[in-house]
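Working notes, beginning with the structure itself.
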Amino acid sequence: MPESPMMIGRVTRCGTRGFVGAMQISENALPVFGSLCQSEAQGGRSHVVGLVYDISITDDQFARQLAALDEVPQEQIADGQLNRQVPVEFSALAVGFNDDEGFHQSLPPQPPLTLASIYSMAPGDAVDFTSQFHFLQTILNAPQLPVDELLTTALRLSAQARPEEERERFLLQAGREVARLLAQDLTRLENILRGLHAKE
Amino acid sequence: MGIHLPSLLPQMQEFGQALYERSLELSATIPKAIKALHLTAELDHSDLQSKIKKAGNRWTGAIPTGETLNLTFPSPATPQSLHVIGADGSQIYPDRHAAAFYYLINIGSIVVSHGSGEAPTIQQESKLFYKLEDLYDEAGHPVQNAYVNLRRDVAEMKTLAERAESLASEQTLAILDNSLLLWMALQTGGSTSRETDRTLQQYLKLLDRLHSSEAGLAGFIDRPRSVSVLALIHLAGLPNDQITQDTVRLTPFRGLTDRAIFTKLLPPGHRSALFISASPLNRDFRTAGHEVHFFYLKTDADDTVVRVEIPTWVAQDPELLNRVHAGILQDCQTTGGFPYTLVRAHELAVIPPQERAAFEEMLQRTLLGHGLRPTQSQKALTKQLTGQRKQHRL
């Protein structure tokens, strides 16, 4: 996780429940699945906290034509990856917001506006934000997302943002909260807990 | 409300039938044209030159060079490393119905360094023309679209020259997605002729710069409709005493193109002999040391035949001529017979509708910011209103 926030894109579509960002590909700036990001809203009075749940690269006929060849020169591959105006799109689920009073784990009052900058969340902020677990409910309630995998990865990344000696305790607390939320669905709970344990 | 398709149906049937019949006729004519080319190749060079002289200044056929007319030339060895520069342009034409009178030229360019493995360098340059001297000629007439095209062509060549100069000590090939001859200079018409001449001189100076940079230079014309070699073989078949303005025009190859015969003649990767363009415009180019030569080239195995135009200093330098020939083939390998650099230069230059809309919105905000009320003409407004209506389709 980068030490300081890094701009990872700009908002192209947004709503209260989340936003979509786009950028030109750069491996350094590529957000990872399950990571937290922030984007300014309400004219700078708040920042929406998003959890990246999908990263996609739009194709086009030219890319398809080149992809179908047996051999593509390295210069053209580099051109396609670094220069062409085909943005990487990533989608983030709104899991909270930040204002003068600190982090809140509820839907934001307003979404960010088009072309607002999106930044990765600094480790310190990620630790602050995930010190409460209300956002887990927001993830579990999100329709049509790979919820279990997203939740597992988000918790694992949040653990990594903490000092090594605190990680296990964090994951145990998170596991307890997940167990409380999924008490009626033991199969899913078992899968998530197994995922947390395996990736510790 | 758009095209009346029912009334076009019978016309479409006739159109299809006519195209079919014409293709049969042309297929029968191609072997005759090829035979005539072989016969022309056997003619004495001085006899051919005297026929061309007799055809006069208005004849626009292909003038032979020292190369045998019906020979084909295989691809030279591909250079180990080669920088290929591509440039292309697009524009927003001046529109008297728009909120403001202006035009815009957008140039995209790319340098692909073959053999380097590195990402190409790309460049986009947009320039807005809004000053009185940009928009009106000396007689006060507003600029025409043809003049904007002329300025765009010059801007494309300027980009090629600048990028070639930055690679002056390297093996470089600059490709223009257009004819090297500045055809628009012939089409801009009377009132702007002095400005057109100035622009032509600027263009020729840019060719000087490219020559000094020691880059190879080529104008790439995909799917050419040119008939200049056919005009030559028709002229060659005329007895000297029958060469008149009328007889040189009465060609038996009407409807056929040079491309059709070279598609049959050229193996993949081969080029035709070199010719010189007899266009009147080429006289200015010859005077400036850039007389335009051309050859046909089969760029892939799928019968893609293109016309490649080169200045005289490339035509007369075997190393540069080979660089153009092999470099274009190398650049066409992954893109179906059309150069990769030009595909990308076009992509960088083109102004998509959504970007144009964003630009016009920016312009309107700017006008408002200066206390000006941006208004479109009533005609433009009503076109927008009626254009939004959707027709129900059955």
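The values are calculated or read from the model by the stated rules, or taken from the named source; none is laboratory data. Quick caveat, the model's predicted, so the values are computed rather than measured. Using ideal geometry, Cβ is built from the backbone for each residue, glycine included, and neighbour counts are taken over all protein chains shown.
Observations, loosely collected:
- In the set (1) in a loop (DSSP other than H, G, I, E, B); (2) farther than 21 Å from B:Ser228 by Cβ, B:Ser279 fails one condition alone, (2).
- Beta carbons closer than 7 Å, at least 6 apart along the sequence or on distinct chains, pair a first residue in the stretch B:109-132 that is more than 7 Å from chain A (Cβ to nearest Cβ) with a second that is buried (at least 18 other Cβ atoms within 10 Å of the Cβ) and among the small types (Gly, Ala, Ser) for B:Ser109/B:Gly86; B:Ser109/B:Ala87; B:Ser109/B:Ala345; B:Ile110/B:Gly86; B:Ile110/B:Ala345; B:Gln123/B:Ser109; B:Gln124/B:Gly108.
- In the set B:Pro10, B:Pro64, B:Pro31, only one residue is within 25 Å of the chain's Cα centre (by Cα) and not assigned by TED's automatic domain parsing to the domain that holds B:Ile221; that residue is B:Pro64.
- So B:Gln80, is it of a type outside the set (Ser, Thr, Tyr) and free of Cβ contacts under 8 Å to residues at least 40 places away in the same chain: yes
- Flag for B:Arg307 being within 13 Å of another protein chain (Cβ to nearest Cβ) and crowded, with 22+ Cβ neighbours inside 10 Å: no
- Residues in the stretch B:351-394 that are under 32 Å from the mean Cα position of the chain (by Cα) and outside any helix (DSSP H, G or I) were compared, and the one that is modelled with the lowest pLDDT is B:Pro352.
- When B:Leu217, B:Leu200 are checked against the criterion of being modelled with pLDDT of 95 or more and closer than 30 Å to B:Arg344 by Cβ, a single residue qualifies: B:Leu217.
So that you can scan it fast, the table gives a plain yes or no per residue for (1) modelled with pLDDT of 95 or more; (2) among the polar types (S, T, N, Q); (3) more than 18 Å from the chain's Cα centre (by Cα):
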residue: A:Gln105; (1), (2), (3): yes, yes, no
residue: A:Thr114; (1), (2), (3): no, yes, yes
residue: A:Ser120; (1), (2), (3): no, yes, no
residue: A:Gln160; (1), (2), (3): no, yes, no
residue: A:Glu165; (1), (2), (3): no, no, yes
residue: A:Arg176; (1), (2), (3): no, no, yes
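- Among the residues making up the stretch B:79-99, those that are buried (at least 16 other Cβ atoms within 10 Å of the Cβ) and polar (S, T, N, Q) are B:Ser90, B:Gln91.
- Within the stretch B:59-177, strands (runs of 3 or more DSSP E) holding 1 or more residues that are of a type in the set (Ser, Thr, Tyr) and within 21 Å of A:Arg84 (Cα to Cα): B:82-92, B:103-114, B:121-129
- Restricting the first member to the stretch A:168-184 and to residues that are surrounded by 11 or more Cβ atoms within 10 Å (Cβ to Cβ), and the second to residues that are of a type in the set (Phe, Trp, Tyr), the beta-carbon pairs closer than 6 Å and six or more apart or on different chains are A:Glu177/A:Phe133.
- Selection over the stretch A:36-45 of residues that are at pLDDT 95 or above and not hydrophobic (A, V, I, L, M, F, W, C) gives a count of 2.
- Leading residue by the ranking (nearest to the other protein chains (Cβ to nearest Cβ)) among those in the stretch A:78-88 that are polar (S, T, N, Q) and in a helix (DSSP H, G or I): A:Asn83
- The number of residues in the stretch A:84-99 that are more than 20 Å from the chain's Cα centre (by Cα) and either surrounded by 17 or more Cβ atoms within 10 Å (Cβ to Cβ) or without any contact (Cβ under 8 Å) to a residue 40 or more places away in the chain (or both) comes to 2.
- Restricted to the stretch B:320-350, and to residues there that are assigned to a loop (DSSP other than H, G, I, E, B) and more than 14 Å from B:Ile221 (Cβ to Cβ), the residue that is nearest to the other protein chains (Cβ to nearest Cβ) is B:Thr334.
- Helices (runs of 4 or more DSSP H) enclosed by the stretch A:140-200 - at least 2 residues per element that are under 29 Å from A:Pro5 (Cα atoms) and of a type in the set (D, E, K, R): A:147-160, A:164-181
- Every residue from the stretch B:302-319 that is in a strand (DSSP E or B) and among the hydrophobic types (A, V, I, L, M, F, W, C): B:Val305, B:Val306, B:Val308, B:Ile310
- The criterion of at least 1 residues that are of a type in the set (Ser, Thr, Tyr) and surrounded by fewer than 13 Cβ atoms within 10 Å (Cβ to Cβ) is met by the following strands (runs of 3 or more DSSP E) wholly inside the stretch A:13-77: A:46-57.
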